[in-house]
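Visitor: Handing you a structure now.
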Amino acid sequence: MTIMAFELLNQIIQGALIGGLYVLFAIGLSLSLGVMRFVNIAHGDLIVLASFILMSFSAVLGLSPFIAAAVLMPVAFLAFYVLQRLLLQRLVGTNLLGVILVTFGLAIVIQNGLLQTYGPDTRKLSGGALELKSISIGGGLSIGLYPLLVFATAVVVIFALDRFLYRTSIGSRIRAVADDPAAANLIGLPSAKIYGIAMGVVGLTVMSAACCMSVWTNFDPEIGPSRLLIAFEVVVLGGLGSLWGTLVGGIIIGVAQNLGAQVDAAWQILAQHLVFLVILFLRPQGLFSRGSRT
Amino acid sequence: MANDRDHNVGSALLTTSGLSVYYDQFQAVREVDFSIDAGEIVALIGANGAGKSSFLKALVGQVDRIEGGIEFSGRSLTSMSTPAISAAGIALVPEGRRLFPSLTVDENLRIGLSIGRRGLITLDQVYQWFPSIASRRGQLARNLSGGEQQMVALGRALLTNPRLLLCDEISLGLAPVVVGQLYEFLPSLRSSGMGLLIVEQDVRRSLAMTDRFYCLLEGAVRFSGHSKETDRETIMQHYFGV
């Protein structure tokens with residue numbers, strides 16, 4: 001194997017693994033945007049907010065971030081349920097602009113609230129020895145155990161969410177309300193409660209994304225929008241409403257970034273956007289769209 | 001499906017007294033006094049815009065504002081939510097069917113199962129009644145024919161095990177043979193004590209299949225009585241306000 005081919009393969013593998021992290025950013029958006037048709041501009045900031053809460057919680061109790069995240073899961077569900085019922089539910093059935101403005105406002109409130117509380121410093125949580133372990137996969141290639149675990153988490157979350165949406169009674173009720181909220185109300189589905197539960201599930205994915213991100217990379221109060229942008233591209237690339245498409249979208253974005261960075265450090269983000277635009281041009285409905293919706 | 005709350009013979013399943021429905025300033029229904037008994041089939045007749053759909057929507061709690069009373073086997077429905085009304089035993093087959101297009105036939109039907117009361121009507125029973133949708137249970141609702149969609153919409157409502165079924169223009173846009181099938185099937189439900197309130201454009205058919213009728217004109221009841229004691233021509237006079 002030539003050095004160049006080796007390096008290329010290595011970058012593709014590492015890119016696919018960081019794609020797992022991007023999938024976790026995107027999966028909640030895939031549910032809210034792809035299934036519930038709800039544009040949540042604050043999605044990235046909610047991930048950052050969850051990261052800071054996770055940081056404080058694990059520091060105060062002296063817990064590892066992984067344990068702390070597990071403990072905080074029910075809190076995340078409840079917080080997102082309440083957010084939906086008290087704020088976002090008021091926007092259901094109104095025009096798109098209202099949703100964008102309110103969630104944009106929420107994003108600003110979160111960013112400034114975090115700046116006030118934590119200051120502008122860059123943070124990172126420690127995953128302990130786990131972060132340093134790596135596994136050799138032959139041919140001189142090795143992959144980090146932690147990125148591998150994050151990738152596995154992403155696959156498990158996608159699988160679980162797919163089962164939840166397409167194999168459970170509450171899942172089909174969520175899709176029913178998303179299909180036609182007025183019809184749902186007319187036949188007696190409690191649509192506000194169902195939307196609340198769906199958003200609660202988004203909260204679970206946001207907490208897992210926050211946990212994986214805050215151990216993997218640095219974060220500060222203002223990186224939310226860049227996380228949102230990645231999440232948007234992953235969801236749209238994969239196809240709205242397709243959870244497995246979101247997995248593939250995440251891998252493509254991760255690989256594109258890593259290969260771009262090989263050319264020049266400045267090309268990392270540029271390559272991501274170029275790949276996104278090219279695929280969107282070729283398949284405007286995304287790679288795995290669930291067919292046209294009426 | 002007897003319920004111990006309404007065992008006294010002759011007491012109505014549902015009554016409205018002076019029921020008015022408003023959308024903003026517009027009054028769609030005007031002081032309607034209405035009643036239906038268990039096991040009875042009643043027609044609501046009227047031109048487009050006469051207030052028929054508004055009346056049905058008022059019964060399931062889906063209008064802006066009402067005045068007057070709605071009583072369902074001794075309980076007032078006026079401040080109940082739609083999910084609570086469904087659970088109490090009123091099901092609406094909405095105009096235009098309103099299935100969830102990206103859900104399968106089976107999923108659409110199970111939605112009904114999840115919102116209503118537990119009772120005798122099961123998924124298997126519905127598939128027995130409508131064999132043509134049984135063979136398409138895994139398909140998306142949007143891919144069905146109009147007649148099949150109407151069967152799913154009716155099945156979805158029946159799976160809530162209603163004591164009162166409201167059918168809003170279920171023949172609209174369907175082939176005559178399918179309409180015939182549906183209207184042959186509906187009267188069989190009365191033996192279980194279910195009340196049926198039917199909104200139908202075809203006056204002759206309405207009278208033929210019902211026990212009593214109410215004629216709405218501009219939101220108010222103009223004429224009502226026993227279906228056997230009148231005919232289409234008499235009704236048409238009231239239809240046009242002659």
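Visitor: In the stretch B:63-87, what residues drop by 30 Å² or more in accessible surface going from the chain by itself to the full protein assembly, probe 1.4 Å?
Guide: Listed in order, they are B:PRO83.
Visitor: Would you check the accessible area of A:TYR166, probe 1.4 Å, heavy atoms only, in square angstrom rounded to 10?
Guide: 50 Å²
Visitor: Measure off 7 Å from each Cα along the Cα-to-Cβ vector at A:TYR118 and B:GLU233, then give the distance between these two points in nanometres to one decimal.
Guide: 8.3 nm
Visitor: Ordering A:VAL60, B:VAL93, B:VAL178 by accessible area with a probe of 1.4 Å, largest first, what comes out?
Guide: Order by accessible area, largest first: A:VAL60, B:VAL178, B:VAL93.
Visitor: Something else about it: Check B:VAL93: other-chain or 5+ apart residues with amide H under 5 Å from its amide H, H built from backbone geometry?
Guide: Amide H to amide H, under 5 Å and 5 or more residues apart or across chains, B:VAL93 pairs with B:LEU166, B:CYS167, B:ASP168.
Visitor: Cut-off under 14 Å on the C-alpha distance; same-chain residues fewer than 8 positions from B:LYS57 excluded. Which aspartates and glutamates are left, in chain and number order?
Guide: Counting by Cα, and skipping residues close in sequence, B:LYS57 has these aspartates and glutamates nearby: B:GLU67, B:GLU95, B:ASP168, B:GLU169.
Visitor: If you don't mind, there's one more thing I want to ask. For the stretch B:1-108, report the accessible area per residue in Å² (1.4 Å probe, heavy atoms, rounded to an integer).
Guide: I get 41 Å² per residue for this part.
Visitor: Separate question: Kindly point out which whole DSSP H helices in chain A project their C-alpha atoms 20 angstrom or further along the helix axis while averaging a Kyte-Doolittle hydropathy of -1.0 or above.
Guide: Answer set is A:3-29, A:43-61, A:65-86, A:96-118, A:145-167, A:191-216, A:224-238, A:243-263, A:267-282.
Visitor: Round to a whole number: what % of the accessible area of the stretch B:86-189 belongs to carbon and sulfur, probe 1.4 Å?
Guide: The C+S portion of the solvent-accessible surface of the stretch B:86-189 is 52 percent.
Visitor: On alpha carbon coordinates alone, what is the Rg over Rh value for the protein assembly as shown, Rh being the Kirkwood radius?
Guide: My calculation puts Rg/Rh at 1.09.
Visitor: Next question, about the same structure. Using a 1.4 Å probe over the heavy atoms of the protein chains, calculate the carbon and sulfur portion of the accessible area of the stretch A:113-262 as a whole percent.
Guide: 62 percent
Visitor: Could you estimate the translational diffusion coefficient of the stretch A:158-283 from the Stokes-Einstein equation, with Rh from the Kirkwood formula over C-alpha pairs, at 4 °C and 1.567 mPa s, in whole µm²/s?
Guide: Answer from the Stokes-Einstein relation: 78 µm²/s.
Visitor: Would you mind giving the average projected area, over all directions, of the Cα convex hull of chain A in nm² with one decimal?
Guide: Mean shadow area of the hull around the Cα atoms is 16.4 nm².
Visitor: Summarise the partner chain shielding of B:110-117 as one whole number: the mean count of Cβ atoms from other chains within 10 Å of each residue's Cβ.
Guide: For this peptide, the per-residue mean of nearby foreign Cβ atoms is 4.
Visitor: While we're on this one: Give me the summed buried accessible area for the B-A pair, 1.4 Å probe, to the nearest 100 Å².
Guide: Approximately 1700 Å², summed over both chains.
Visitor: What value, in deg cm²/dmol to 500, does the helix sum -39500 (n - 2.57) over DSSP H runs of n ≥ 4 give at 222 nm once divided by the residues of chain A?
Guide: Calculated from helices alone, the mean residue ellipticity at 222 nm is -24500 deg cm²/dmol.
Visitor: If you place +1 on the Cβ of every Lys and Arg and -1 on the Cβ of every Asp and Glu, how big does the dipole about the Cα centre of chain A come out, in debye to the nearest 20?
Guide: Charge dipole of chain A: 860 debye, to the nearest 20.
Visitor: How big is the accessible area of B:TYR214 in square angstrom, nearest 10, if you roll a 1.4 angstrom probe over the protein chains?
Guide: 20 Å²
Visitor: Among A:ASN218, A:PRO181, B:VAL93, flag the residue with its Cα farthest along the positive direction of the charge dipole of the protein assembly as shown, charges on Cβ as +1 for Lys/Arg and -1 for Asp/Glu.
Guide: A:ASN218
Visitor: Follow-up. Given a Förster distance of 51 Å, report the FRET efficiency between A:LEU277 and A:ALA182 from their Cβ-Cβ distance, rounded to the nearest 0.05.
Guide: My answer for the efficiency is 0.90.
Visitor: If amide H atoms are built 1.01 Å from N in the plane of the peptide, which residues on other chains or at least 5 residues away come under 5 Å of the amide H of B:VAL60?
Guide: Sorted by chain and number, the residues that satisfy this come to none at all.
Visitor: Can you pull the one-decimal nm distance between simple spin-label points at A:ILE67 and B:ASN48, each 7 Å off the Cα toward Cβ?
Guide: My value for the distance between the label points is 6.9 nm.
Visitor: I've got another one for you. For a quick check, take a GNM of chain A with Cα springs below 10 Å and name the residue from A:ALA160, A:ALA198, A:ALA176 with the largest mean-square fluctuation.
Guide: Answer for the Gaussian network model of chain A: A:ALA160.
Visitor: If you don't mind, another one. Work out from phi, with θ = phi - 60° and the Karplus expression 6.51 cos²θ - 1.76 cosθ + 1.60, the ³J(HN,Hα) of each residue of the stretch B:129-145, listed in order in whole Hz, and give x for Gly and Pro.
Guide: Going residue by residue, I get 5, 10, x, 5, 8, 4, 6, 10, 4, x, 8, 5, 4, 5, 8, 8, 6 Hz, with x marking Gly and Pro.
Visitor: May I pose another question? To test your reading of the geometry: what angle, between 0 and 90 degrees and rounded to tens, separates the Cα axis of helix B:105-115 from the longest principal axis of chain B?
Guide: The angle comes out at about 50 degrees.
Visitor: Rounded to two decimals, what is Rg over Rh for the stretch B:127-202 when you use alpha-carbon atoms and the Kirkwood radius?
Guide: Across the stretch B:127-202, the Cα-based Rg/Rh ratio is 0.94.
Visitor: Put +1 on the Cβ of each Lys and Arg and -1 on the Cβ of each Asp and Glu in the stretch B:81-123; which of B:LEU123, B:SER81, B:GLY112 then has its Cα farthest toward the positive end of the dipole?
Guide: After comparing all options, I get B:SER81.
The values are calculated or read from the model by the stated rules, or taken from the named source; none is laboratory data. Nothing here was measured: the structure is a model prediction, and the numbers come from that model. When we count neighbours, we look across all protein chains shown, and the Cβ atoms used for this are built from the backbone with ideal geometry, even at glycine. Note: areas computed on protein heavy atoms with side chains; ligands, DNA, RNA excluded. Shrake-Rupley method; radii C 1.70, N 1.55, O 1.52, S 1.80 Å.
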